[in-house]
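These notes are about the structure you will find just below.
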Amino acid sequence: YSQFAARQELLEQLEELQFQLSDQSLLLLPEYHQRLQALEQFKAVAARVGLLEQQHGLGPGPEEFVAQFGFSLVQVVYEWARGMDPPDAS
């Protein structure tokens with residue numbers, strides 16, 4: 001049974017690797033890059049809003065204003081959506 005289970009796991013890994021190398025897996029890559037560009041532009045606008053708030057005494061500053069939107073999670077979510085395993089906690 002253990003040999004069968006190991007073989008099945010290898011077959012699943014092979015299927016996943018074949019998909020990742022296929023054209024189908026790359027179809028959404030341009031859209032991903034466009035979304036990243038849009039997020040970078042949004043981040044720049046948010047930083048500007050934060051700076052304006054700070055200049056008028058209404059907020060702590062651009063870094064804190066931008067941080068509330070969680071832009072740092074974009075790459076993590078992308079890797080999760082691709083099926084990447086989380087890093088070892090040890």
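The values are calculated or read from the model by the stated rules, or taken from the named source; none is laboratory data. It should be emphasised that the depicted structure is a prediction, and the values quoted were computed from it without experimental measurement. Note that we place each Cβ from the backbone using ideal geometry, even for glycine, and neighbour counts take in every protein chain shown. Heavy atoms of the whole protein, side chains included, go into the accessibility calculation; ligands, DNA and RNA do not. Shrake-Rupley method; radii C 1.70, N 1.55, O 1.52, S 1.80 Å.
Structure above, values below:
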item: Where residue 84 falls short, out of the listed (1) open to solvent by 100 Å² or more (accessible area, probe 1.4 Å); (2) modelled with pLDDT of 85 or more; result: (2)
item: Candidate set: the stretch 3-19, residues that are surrounded by 10 or more Cβ atoms within 10 Å (Cβ to Cβ) and of a type outside the set (A, V, I, L, M, F, W, C); chosen: the one nearest to residue 71 (Cα to Cα); result: 16
